[in-house]
Amino acid sequence: MYKKNIPFNAVNDDDFKQYCEALGRFGPKWKPPSQYMLREKMLLQEVERTKDLMKPHELERVETGCSIMTDAWTDKKRRRIMNLCVHCKLGTAFLESKEASTDAHTILYIFNYVVECIEKIGAENVVQVVKDNASNNMGAKEMLKGKWPKIFWSSCATHTLNLMVEAIGKLKQFGPTIIKAKQMTIFLYAHHKTLSLMRSFMKKRDTVRPGVTRFASAFITLQSLVSKKKELRAMVCSDEWEACKHTKTVKGKAANTTIMSRGFWKNVSLCIKVFEPLVKVLRLADGDGPSMASMYGELISAKREIKVAVENSEKHYLVITNAMNTKMSGRLDSPLHMAAYILNPKYSYADPSIFTDVEVVAALMEVMETFYYDDDIKQNKVFNIDFTKFKKKEGMFGKVAALKAMENNNFDAADWWPTLQHMAIRILNLTTSSSGCERNWSTFEMVDAKRRNKLDVACRDNLVYIQFNERMIDKRKKLSSSSDVLLGEDASRAQDWICEEAYIDDEFDPTTGVPYNIIDEAMGESEPTELRRSARVRELHEVEEYVEDDDDESDHAVDTEDDEIDYESDDDGVMATKDDDDEEEPPQP
């Protein structure tokens, strides 16, 4: 373990315990398998064992339907990898990947790949395809309608929510505050002395905490800052801070002013109050369970909570909701999202006016026409008979047990349907995000590390298949309602809080001077015209060195690639705190 850099927490893994027990049973004469046996015969045996473990997942796809998730990304070696994952009620499973470095990711290419994926799973089991909103994906969507008019195409909710919060974060009420917070954390992490000083006052904890997305990182870090406000203020008032040469610089003085500013902390608290309702929605979208039943309803609830957060100020509320609506349009307010909203009694029974909302009812009818395409008899039965009973709470829909069930915090709208109607079961069990497919990137990176770069494609895929799917199975066994899906392990998600040039909004091609987003639009946004952000961060640290004035002290900037940041990993989520300063003045939006 010490010699091969095996993490200490590996001993907590159930597989490791079983391995040790098996060794004890074999006794001292046991001989380990050869490298050939491990990468050939035994690997294939483990793949078959994993397939057996995935049988319940396959049966669930047939019973309640599934979602296809495909994703393209660029690995450390600049190879273009296409992933195929499938989501059902039991979670997200990895099926396969393919290298597509030499292929142009045109509309036709994506369409053919999606068709290939659907045919492998069975078109009768696929309810929707979930991808981001790149222009070539939207073109493939129209082609898919022609081939399989019964299959829906949905936008990734996690991707859309990040765009939504990014737009809100640029508003004048929040933008300057977030920028000040980033400038302060960047300064603290830029030098060994300031970083060490901060950790000494924080009892070796960090202020920056990476999340599963950039937005999650921002929110969690803002919460972390508020919870450590007293320690930060004590730090800048200390003799050690005064003696540090870096605190005399312009950036050091700015960080000092920010930390001591009452107005800054009040505005940070306002940011948290406004973003927190959207964080709840992100938790829903980024989780591994079905989220379609609640997505649209939770977005409406988030708008109400945001209105309260800005003290019902219509001026500020409308600016925020307009930014939300712009990003939601055509993505999270699709007929499929609205149909799930009205079919979920948690919302429609609590607010009967939903049944008379023309837009929502029209969306339900459109979904019925798609789901039962070219079957007028079933369309008529579902809408005019079954849905009418549901709306009027007739028959089993009106039973006390059925109505009481939806009051449970763990209420499952799909399981609630007494008659187990085919359409409702399949719609309410859908996911809204393809983030499960993105989580597979880290598995690929780990398997395809430099020391293993001679693995062939088949061997790599087998390793990823085993690791990803068995983790999913283990996760379901240990699933806890207290687990926070927002906390992440990918440090690149939080790089813009510790590295000054980690994220640049307006990036241009150095040869042509044309913005990358314009090039992406012309070529199709999935084309790898530039390094993925995490790759650019790595390249930044590999190429550039921090340069400072020569003096007697050998204090250099922190290299976040070589000197890994030991991010805080508190068991309890960080929540905003309130002290006397917060009560003296109302926050100014």
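The values are calculated or read from the model by the stated rules, or taken from the named source; none is laboratory data. Keep in mind that this is a model prediction, so the values were computed, not measured. Cβ: placed from backbone, ideal geometry, glycine included. Neighbour counts: every protein chain shown.
A count restricted to the range 381-438 and to residues that are at pLDDT 60 or above, in a loop (DSSP other than H, G, I, E, B) and of a type in the set (F, W, Y) stands at 1. The residues listed here are E48, E99, E60; of these, the one that is surrounded by fewer than 22 Cβ atoms within 10 Å (Cβ to Cβ), touching a residue at least 24 places away in the same chain (Cβ under 8 Å) and more than 22 Å from L430 (Cβ to Cβ) is E99. Within the range 220-262, the set of residues being touching a Gly at 6+ places or on another chain (Cβ under 7 Å) and closer than 24 Å to F174 by Cβ comprises just one member, I220. Filtering the range 183-197 to residues that are crowded, with 21+ Cβ neighbours inside 10 Å and within 26 Å of G263 (Cβ to Cβ) leaves M184, T185, F187, L188, Y189, A190, T194, L197. Of the listed requirements (1) within 30 Å of C156 (Cβ to Cβ); (2) without any contact (Cβ under 8 Å) to a residue 24 or more places away in the chain; (3) touching a Lys or Arg at 6+ places or on another chain (Cβ under 9 Å), G65 misses just one: (2). Search the range 72-102 for residues being basic (K, R) and in contact with a Ser or Thr (Cβ under 8 Å, 6 or more places away or on another chain), and hand back the single one that is modelled with the highest pLDDT. So the residue we want is K89. Evaluation of H105 against the conditions (1) part of a loop (DSSP other than H, G, I, E, B); (2) at pLDDT 90 or above shows that the sole unmet condition is (2). Within the range 235-255, can one find any residue that is of a type outside the set (A, V, I, L, M, F, W, C), within 29 Å of M472 (Cα to Cα) and part of a helix (DSSP H, G or I)? No, every residue in the range 235-255 fails to be of a type outside the set (A, V, I, L, M, F, W, C), within 29 Å of M472 (Cα to Cα) and part of a helix (DSSP H, G or I). Just wondering, is there one or more residues in the range 460-467 that are farther than 26 Å from E63 by Cα, modelled with pLDDT of 75 or more and exposed (fewer than 13 other Cβ atoms within 10 Å of the Cβ)? The answer is no, given that none of the residues of the range 460-467 is farther than 26 Å from E63 by Cα, modelled with pLDDT of 75 or more and exposed (fewer than 13 other Cβ atoms within 10 Å of the Cβ). Restricting the range 222-249 to residues that are more than 27 Å from L270 (Cα to Cα) and of a type in the set (V, I, T) leaves a set whose member that is surrounded by the most Cβ atoms within 10 Å (Cβ to Cβ) is T247. Checked against (1) within 27 Å of H337 (Cα to Cα); (2) in contact with a strand residue (DSSP E or B) (Cβ under 8 Å, 6 or more places away or on another chain); (3) not charged (D, E, K, R), A190 meets all criteria but (1). Summed over the range 288-344, the residues that are within 27 Å of K141 (Cβ to Cβ), assigned to a helix (DSSP H, G or I) and touching a Leu at 6+ places or on another chain (Cβ under 8 Å) give a count of 19. Being part of a helix (DSSP H, G or I) and under 18 Å from the mean Cα position of the chain (by Cα): is that true of T194 here? In short, no. F111 fulfils the conditions (1) more than 25 Å from the chain's Cα centre (by Cα); (2) closer than 21 Å to F371 by Cα except for a single criterion, (1).
Among the residues of the range 110-137, those that are under 22 Å from I427 (Cβ atoms) and part of a helix (DSSP H, G or I) comprise V114, C117, I118, I121, A123, E124, N125, N137. Filtering the range 137-161 to residues that are in contact (Cβ under 8 Å) with a residue 40 or more places away in the chain and within 16 Å of S329 (Cβ to Cβ) leaves S154, S155, C156, A157, H159, T160, L161.
Looking across F215, F201, F219, one residue alone is among the aromatic types (F, W, Y), surrounded by 16 or more Cβ atoms within 10 Å (Cβ to Cβ) and either modelled with pLDDT of 90 or more or more than 26 Å from the chain's Cα centre (by Cα) (or both). It is F201. Is it the case that some residue within the range 30-39 is modelled with pLDDT of 90 or more and under 27 Å from V127 (Cα atoms)? For the range 30-39, residues modelled with pLDDT of 90 or more and under 27 Å from V127 (Cα atoms): absent.
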